[in-house]
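Heads up: the structure comes next, in structure tokens.
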Amino acid sequence: MRDAPNPSSMEQCDAEIPSRGRGLSYGGDGCREDRLSALPDDLLIHILLKILDAAVAARTRVLSRRWRRLWTLLPELLFPNSNPRHIRLALTAHKAPVLRKLAVTVIDPTPESVAAWLPIATRRLSGDLFLFNMARRNESEDEAGERGAFELPCFERATAIVLPCQGPLALEVSMPPAGVFAQLTALKLVCVHLHGPCRLGEVVSSPRCPSLRKLIIDNARGLLNFTIHSKSLLYIELKNLRPDDPLDLGNFTIHSESLQRMMLMSLHSLQQLTVMAPVLRVLSVSSCFGPSSNQPVASISAPQLITLQWKDVYHTSYTQLKMENLQVLGGNHFFVYGQEAHKMHNSSCVGLLRRFELIENVVLTLLYQTEITNHEYLMEDIARLPNIAVMGLYIDANRHSFGGSLFHLLSMCTGVKKLTLTLLGRTCCLAAQTACRSDCVCNEQSNWKTEELVLDRLKEVEVHDLRGTEREAAVLKRLFDWARVLETMTVSFDRSVAASKAEEFCLMLQSFSRPDVCMKGPHFA
């Protein structure tokens, strides 16, 4: 962006537009002016906003006196490719009553380059800040950290702050030690390395962020012993967090009277999680507690929680869950066949299922490994299920027979009213897949083929991503035998299955079904 033009060079309208062309008219002062310039300021500003580049919009000032100040009235300034000096000049010249959006793209910024304009933005911005870092440097994380971090100033009137990064290195940033983000409702930090001494938990808590409703932190380093006390937060998402300390992230504590949804995923080697959220409705915890010399501890008090997805370590002695109104429960995947290490993994799923007596909707994932020779059948470890009305099963059979594992689960919840069965597997590999060998250990579980099972409340079944195999047909045939009051079955096929094969499979299903069962799906006649 060029500096502001010298006024003496623009005194004559004739010099600005040297020839009278189509669409030009004469103003009252005798100068030529195009019809576009005759439009109201609001409309011209709307046109300039479409340029999506403040530096380019500023160049329109050379058109005429009328255009000199228009770009300074833009309510949004976007800098996709500008150096810090130009950004500083533009913010200094900005005259709009409200700056509702400031979006800046930087490339491996130094603290000095950001400090050239960011403090000015704090005084002007009354809306959203987007600071995109396009990291390109070929250096290590330690070398990037040695360049130093820029301090994010306190934006008293900003409503949203988004700091995403694309590239191999994180954006080095530190939080302001003082000040109140009075109007901030959303904070999103992606690929950042947080530096001290001020900790992020202190900044996003209510004393300094009294209006914060949404907090997202993804792919970040530098968090340790993260603590939040908030009366305004509605949504928290923490993903892919790594400590500077190679051992663990320490303790995470979240106290919020307003929080409704929270997702925690890949918080590497978290040691302790404490949540007190009286109105929390949805909670997801996945891959947060890793192996460590110290046993991880979780204490969660969420009496209004409706949905819990717990794909992590669970032990009754170390995991305290207070959630009396839970209706939907999803656990970690369960290895149907395995060895000692798989038993340890499965114990978390088994312990979680034992924790609850009554759950309306339970979602489980059964995983068969490709090679299960000399592996033990582990389904017997699931000795009890909660009282379930709706069961969702994801099965990655990996070419093996899965009738035995399905029979085992259904035999423990004969009061189930709805069953949703989804068959997993990578579509790109399905064409090359065939059934496992006839002497495979999965065929040893054959009781499901002959034993009776009465599911006298099961009225609705959904089966997704069928491949049209003989083993699938055998399982569904038995399901018709067990579900004597079945009213509706809905089936869909994996996209790799040809329409002709799907239609043939559906005809076979209709031959198994009773006349009063409604068969649904795109391939039924």
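So what is the calculated 222 nm ellipticity per residue for the chain, using -39500 (n - 2.57) for each DSSP H run with n of 4 or more, over all residues, to the nearest 500 deg cm²/dmol?
After summing the helix terms and dividing by the residues of the chain, the value is -5500 deg cm²/dmol.
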Q.
What does the charge count around residue 420 come to, taking other residues whose C-beta lies under 12 Å from its C-beta (Lys +1, Arg +1, Asp -1, Glu -1)?
A. -1
Q: For the chain, give the share of DSSP beta bridges that are antiparallel, in percent and rounded to the nearest 5; count only bridges with both residues there.
A: 5
Q | residue 282 paired with residue 73, simple spin-label distance in nm, labels 7 Å along Cα-to-beta-carbon | A | 4.3
Q) Can you give the charge dipole size of region 410-525 about its Cα centre, rounded to the nearest 20 debye, using +1 on the beta carbon of Lys and Arg and -1 on the beta carbon of Asp and Glu? A) 200
Q | Calculated Cα extents along the principal axes in Å (choose from (1) 73, 51, 49; (2) 99, 58, 43; (3) 77, 61, 45), label | A | (2)
Q: Once you've got the Cα coordinates, tell me which of 231/322; 50/101; 50/188; 418/520 are over 22 Å apart.
A: 50/188
Q. What nm value, rounded to one decimal, do you get for the distance between residue 52 and residue 514 when each label is placed 7 Å out toward the C-beta?
A. 5.9
(Q) Order 189-195, 515-521, 489-495 from most to least packed using the mean count of other Cβ atoms within 10 Å. (A) 189-195, 489-495, 515-521
(Q) Just to verify a number: what accessible area does residue 449 come out at with the full protein assembly present, 1.4 Å probe, Å² rounded to tens? (A) 120
Q: Name the long-range amide H neighbours of residue 334: under 5 Å, sequence gap of 5 or more, or other chain; modelled H, no Pro or chain starts.
A: 365, 366, 367
Q: With the full set of protein chains in place, find how many percent of the accessible area of the chain is carbon and sulfur; take the probe as 1.4 Å.
A: 51
(Q) Skipping prolines and chain starts, which residues have an amide H placed within reach, meaning under 5 Å, of the one on residue 463, given they are 5 or more residues away or on another chain? (A) 421, 490, 491, 492
Q | Added length on full extension, which subtracts the Cα-Cα distance from 0.36 nm per residue, residue 373 to residue 105 | A | 91.0 nm
Q. Ordering 439, 244 by how much accessible area each has at a 1.4 Å probe, largest first, what is the list?
A. 439, 244
Q) Given charges of +1 on the Cβ of Lys and Arg and -1 on the Cβ of Asp and Glu, with all other atoms neutral, how large is the dipole of the chain about its Cα centre, in debye to the nearest 20? A) 1800
Q. Calculated FRET efficiency, residue 525 and residue 417, Cβ-Cβ r, R0 35 Å, to nearest 0.05?
A. 0.80
Q: Lys and Arg at +1, Asp and Glu at -1: add these up for the other residues within a Cβ distance under 13 Å of residue 157 and post the number.
A: +2
**Q.** Calculated from backbone phi, Karplus (6.51, -1.76, 1.60) coupling profile of region 313-323 in Hz, x at Gly/Pro
**A.** 4, 9, 9, 4, 6, 10, 10, 9, 10, 10, 7
Q.
What are the ³J(HN,Hα) couplings of region 492-497, residue after residue, when phi is run through the Karplus curve with 6.51, -1.76, 1.60 and θ = phi - 60°? Round to Hz, x for glycine and proline.
A. 9, 10, 4, 5, 6, 7
Q. In the chain, which longest range has no GluC sites (Glu not before Pro) that are both DSSP loop (not H, G, I, E or B) and surrounded by at most 16 other Cβ atoms within 10 Å?
A. 12-138
Q: Enumerate the amide H contacts of residue 174 below 5 Å, restricted to partners 5 or more residues apart or on another chain; note that Pro and chain-start residues carry no placed amide H.
A: 150, 151, 152, 195
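Per residue, how large is the accessible surface of the chain? Use a 1.4 angstrom probe and give square angstrom.
Working: 24750 Å² over 525 residues.
Ligands and nucleic acids excluded, the figure is 47 Å² per residue.
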Q) In the chain, with Lys and Arg counted as +1 and Asp and Glu as -1 at Cβ, which of these residues, 320, 393, 148, has the Cα nearest the positive end of the dipole, that is, farthest along it? A) 148
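The values are calculated or read from the model by the stated rules, or taken from the named source; none is laboratory data. For clarity, every value in this text was computed on a predicted model and none was experimentally measured. No Cβ is skipped: glycine too gets one built from the backbone with ideal geometry, and neighbour counts run over all protein chains shown. Please note that ligands, DNA and RNA were not included when accessible areas were found on the heavy atoms of the full protein model with its side chains. Shrake-Rupley method; radii C 1.70, N 1.55, O 1.52, S 1.80 Å.
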